[in-house]
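Input: a single structure, listed below in structure tokens.
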Amino acid sequence: MSKTPVRVGLIVPSSNVTVETEMPRILARAPGTEFTFHSSRMRMKAVSPEQIRAMNAQRERCVMELGDAGVDVMLYACLVAIMSTGLGAHRDAEMGVAEQLSLGGSEAKVLSSAGALISGLQALGARRIALVTPYMRPLAQQVVDYIEAEGFEVADWRALEVADNAEVGRIPGERVMAAARSLDLAGVDVLVISACVQMPSLDLVQTAEDEFGIPVISAATAGAYSILRTIGASVDIPGAGSLLLADASVVAS
Amino acid sequence: MTDELEIVPKADHRVMGVDHAAFPTFDPAGTVRFYRDVLRFPVVHSICAAGWGPDKHPDFIHFFFDIGNDDRIAFFYYFGLKPYGDQTAPGDSWARLDHDTPQFFTNSRHLAIHVVDEEDLLEYRKRLDDSEWPVEMQVMHETIESIYTHDPNGYMIEITRALRPVTPQEDLDAAITIDALIDIAEGEDPSMDKLLERKAQLIVERAEAWERAQQHELAPEPVLVP
Amino acid sequence: MTRLYVLEVPENEGFVEVAAADPVITVDKVGPYFRLSADDDIVIDRRATGARHAVWYSAVAGLENSVITQQDKNALRVQRR
Ligand SMILES: [Fe+2]
């Protein structure tokens, strides 16, 4: 623990409170590495196409601010902002941020929660998935299409249809679990309990995995997984779903 | 239907032209007027960044104009940075040369942008002539016609069209010229005279292979390899 | 023997025609080049060729035991070395 901490930059919608709560909680449990968290906010209150466009226009400023802080890894933590702008958009977004950073001589690694969710599903070898989103149906449909375009079959999904982003941050876990229970999980490899970094779900991941008997991930656990992989740390965090136990050497009996 | 099992090897020469050529500017407004408003090259990309590495350069904007064919010319504008060198000397925003540098040398480094025909060349001539940066020179070379001007940063820009396609014998001649050049360039006192003498030897050496290739209607490519 | 080579391209046609019309110059082909040979000096009048500036100054592709002693807006003169 004597090493210099890994500085994690979070680019978050201004109304988001969950990323800055869940990400430190998860990564504090990562053995052998200390993390510090630094965020920059893009103004966004309602999850609508107009506000998402306006928010994406603020990305460069956020990258500049976090670049100044000399972070080691940067997570663009708004999944729907990327997934609603076009299929495969996380690659362009990550590339754009990386270009901006590398031009200025920063060696910070770049991740997005959209890309991290895809990487998490790939790491679990998922083919058929189910998911719960807080979004309005049209946006949720875009997220489903996006994930399917990345090569996964979305067998079933629920949209909780909460437009106000602050309210998304207050969705009770019981409502998320109820939505998950209503899914048809037959033949599903992986359940995405929350395809949104604002919908609180960290405490639900392990519970859901135990209840449904299949790997469960959230945008947050997938983000944590990608951060650990990117900095070359081992992925061994118990109690947050099997994705975060990827490098666990011995499974406790 | 093609045989799907046939593996077509990738070509040896795989690059696809200019991604972007980048230059510094101290006059972003003039640069945008010249490229976007006068030449009407669309702005296609921009990046706002700072100097985070050991270089610690100032905050800067990197912006791009489409020069056709998905190729781009790009500029860096650094906030608060002052031009380097003696601004009354020949040169451009990237560098100033000695006062006695002849113009041919100053202009030797330039960017030439391709157009397909005379109509298009004249269209760009008109756009420039109606602006603060009129065409300085219109030249008919052997096989190309070009117009030239300098952008607000002092960079020479050429717009050029081919008068006819390049022939296989010109490719052969170019290959012979370059082989002759490298033969004499590392020797004593390279000169045009020595080059033409060496070229005559190579012309005779390679004539037979060329004629054989022509008879077999083969591409002249094997002839080009010494 | 004075000898020079000229690449066969449309721009050089005038040059080669003038040479071929000169009884002291023998013109034959070597690969894609015209070979101009003469026992004495080879002199080509620029105006007769109709060659423009850039074409005129890049017409000669090779010199065999020969040397250019004049190349200006009036004429090209090639002599035995
Ligand atoms: Fe040129």
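Just a few scattered comments:
- Taken as a whole, region A:33-50 holds at least one residue that is farther than 27 Å from residue A:167 by Cβ and surrounded by fewer than 16 Cβ atoms within 10 Å (Cβ to Cβ).
- Region B:152-171: number of residues that are of a type in the set (D, E, K, R) and more than 17 Å from residue C:11 (Cβ to Cβ): 1
- Single match in C:57, C:33 (criterion: of a type in the set (Phe, Trp, Tyr), closer than 18 Å to residue B:192 by Cα and within 13 Å of chain B (Cβ to nearest Cβ)): C:57
- Of everything in region B:113-123 that is open to solvent by 10 Å² or more (accessible area, probe 1.4 Å) and away from the ligand (no atom under 12 Å from the Cβ), the residue that is farthest from the other protein chains (Cβ to nearest Cβ) is B:123.
- Flag for residue B:53 being assigned to a loop (DSSP other than H, G, I, E, B) and either within 14 Å of chain A (Cβ to nearest Cβ) or open to solvent by less than 30 Å² (accessible area, probe 1.4 Å) (or both): yes
- Close pairs (7 angstrom Cβ cut-off, 6 or more residues apart or separate chains): within 12 Å of residue B:197 (Cβ to Cβ) in region C:61-81, among the charged types (D, E, K, R) and part of a strand (DSSP E or B) anywhere: C:64/C:3; C:65/C:3; C:65/C:80; C:66/C:3; C:66/C:80
- Which numbered condition residue B:137 fails, given (1) surrounded by fewer than 12 Cβ atoms within 10 Å (Cβ to Cβ); (2) within 14 Å of another protein chain (Cβ to nearest Cβ); (3) away from the ligand (no atom under 16 Å from the Cβ): (3)
- Only one of the numbered conditions (1) free of Cβ contacts under 8 Å to residues at least 12 places away in the same chain; (2) open to solvent by 50 Å² or more (accessible area, probe 1.4 Å); (3) away from the ligand (no atom under 14 Å from the Cβ) is not met by residue B:95, and that is (2).
- Taking the numbered list (1) among the charged types (D, E, K, R); (2) modelled with pLDDT of 95 or more; (3) open to solvent by 50 Å² or more (accessible area, probe 1.4 Å); (4) within 24 Å of residue B:18 (Cα to Cα) in turn, residue B:126 passes all entries but (4).
- Filtered by the rule that a residue be at pLDDT below 95 and of a type in the set (A, V, I, L, M, F, W, C), region A:196-218 gives A:196, A:197, A:199, A:202.
- Any chance residue A:230 is in the same structural domain as residue A:41 (by TED's automatic domain parsing), part of a helix (DSSP H, G or I) and touching a residue at least 24 places away in the same chain (Cβ under 8 Å): yes
- Members of region B:26-36 found to be open to solvent by 50 Å² or more (accessible area, probe 1.4 Å) and either part of a strand (DSSP E or B) or touching a residue at least 40 places away in the same chain (Cβ under 8 Å) (or both), listed by number: B:26, B:27, B:33
- The residues on offer are B:173, B:183, B:179, B:189, and the sole one that is farther than 30 Å from residue B:127 by Cβ, away from the ligand (no atom under 16 Å from the Cβ) and assigned to a loop (DSSP other than H, G, I, E, B) is B:189.
Residues are listed down the side, and each one gets a yes or a no for (1) within 14 Å of chain B (Cβ to nearest Cβ); (2) surrounded by fewer than 16 Cβ atoms within 10 Å (Cβ to Cβ); (3) basic (Lys, Arg); (4) outside any loop (DSSP other than H, G, I, E, B):
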position	(1), (2), (3), (4)
A:100	yes, no, no, yes
A:107	yes, yes, no, no
A:132	no, no, no, yes
A:138	no, yes, no, yes
A:183	no, no, no, no
A:192	no, no, no, yes
A:198	no, no, no, no
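- Those strands (runs of 3 or more DSSP E) lying entirely in chain C with at least 2 residues open to solvent by less than 10 Å² (accessible area, probe 1.4 Å): C:2-7, C:33-38, C:42-45, C:60-64, C:75-80
- Residue in region B:151-160 that is open to solvent by 30 Å² or more (accessible area, probe 1.4 Å) and within 16 Å of the ligand (Cβ to nearest atom) present: no
- Conditions (1) of a type outside the set (Ser, Thr, Tyr); (2) touching a strand residue (DSSP E or B) at 6+ places or on another chain (Cβ under 9 Å); (3) away from the ligand (no atom under 14 Å from the Cβ); number of the one not met by residue B:110: (3)
- Criterion applied to B:14, B:40 was being loosely packed, with under 15 Cβ neighbours inside 10 Å, touching a residue at least 60 places away in the same chain (Cβ under 8 Å) and either in the same structural domain as residue B:157 (by TED's automatic domain parsing) or more than 16 Å from the ligand (Cβ to nearest atom) (or both), and the one residue passing it is B:40.
- Residue, farthest from the other protein chains (Cβ to nearest Cβ), within region B:175-199, restricted to residues that are under 22 Å from residue C:79 (Cα atoms) and of a type in the set (Asp, Glu): B:189
The values are calculated or read from the model by the stated rules, or taken from the named source; none is laboratory data. Here the structure is a predicted model, which is why all the values come from computation and not from measurement. Note: ideal-geometry Cβ built from the backbone for every residue, glycine included; neighbour counts use all protein chains shown. All accessible areas refer to the heavy atoms of the entire protein, side chains included, with ligands and DNA or RNA removed. Shrake-Rupley method; radii C 1.70, N 1.55, O 1.52, S 1.80 Å.
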